[in-house]
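First up is the structure itself, then whatever we jot down about it.
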Amino acid sequence: MDILVVIFCSVLIFLAAYCITLLKNSMDLKKMVLSALFGGTSLIFFYFYFDGGVPMLAGIIYYGSVIIAALGFYFFQKKTQ
């Protein structure tokens, strides 16, 4: 069950990074709120599920996906400009 929660949270992080990438030059309030909702939901769900302690592998996978999503979509945005 732990791996499903980590995968779900990682998908939400990728969706948040994708929404931020879609902003590009236009500051659309709906997209900003949607990206904050995806990122916030992922972070809150991750911490509430692993309230008693985060297994090391789950933390590495989750924070690794956060870093990969941020860097990946940053380079994707730079490439499309």
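The values are calculated or read from the model by the stated rules, or taken from the named source; none is laboratory data. None of these values were measured; they are calculated from a predicted model. Using ideal geometry, Cβ is built from the backbone for each residue, glycine included, and neighbour counts are taken over all protein chains shown. Quick note on the areas: whole protein, heavy atoms, side chains included, nothing else; ligands and nucleic acids left out. Shrake-Rupley method; radii C 1.70, N 1.55, O 1.52, S 1.80 Å.
Thr21: in contact with a helix residue (DSSP H, G or I) (Cβ under 8 Å, 6 or more places away or on another chain) and closer than 22 Å to Leu57 by Cα, yes or no?
Working: in contact with a helix residue (DSSP H, G or I) (Cβ under 8 Å, 6 or more places away or on another chain): yes; closer than 22 Å to Leu57 by Cα: no.
No, not satisfied.
Looking at the range 22-60, which of the residues that are β-branched (Val, Ile, Thr) and buried (at least 16 other Cβ atoms within 10 Å of the Cβ) is nearest to Val6 (Cα to Cα)? Give the derivation first.
The first filter runs over the range 22-60 and keeps only residues β-branched (Val, Ile, Thr), leaving 33, 41, 44, 54, 60.
Now drop any that are not buried (at least 16 other Cβ atoms within 10 Å of the Cβ), which leaves 41, 54.
Details: Thr41: 13, Val54: 11 Å.
Of everything passing the filter in the range 22-60, Val54 is nearest to Val6 (Cα to Cα).
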Inset, instruction - Note down all Cβ pairs under 7 Å where the first residue falls in the range 62-81 and is among the polar types (S, T, N, Q), the second is part of a helix (DSSP H, G or I) and open to solvent by 100 Å² or more (accessible area, probe 1.4 Å), and they're at least six residues apart or on different chains. - result: none
Legend entry - Cβ pairs under 7 Å, 6+ apart, first in the range 9-35 and over 22 Å from Tyr47 (Cα atoms), second among the hydroxyl-bearing types (Ser, Thr, Tyr) and open to solvent by less than 20 Å² (accessible area, probe 1.4 Å): Cys19/Ser35; Ile20/Ser35
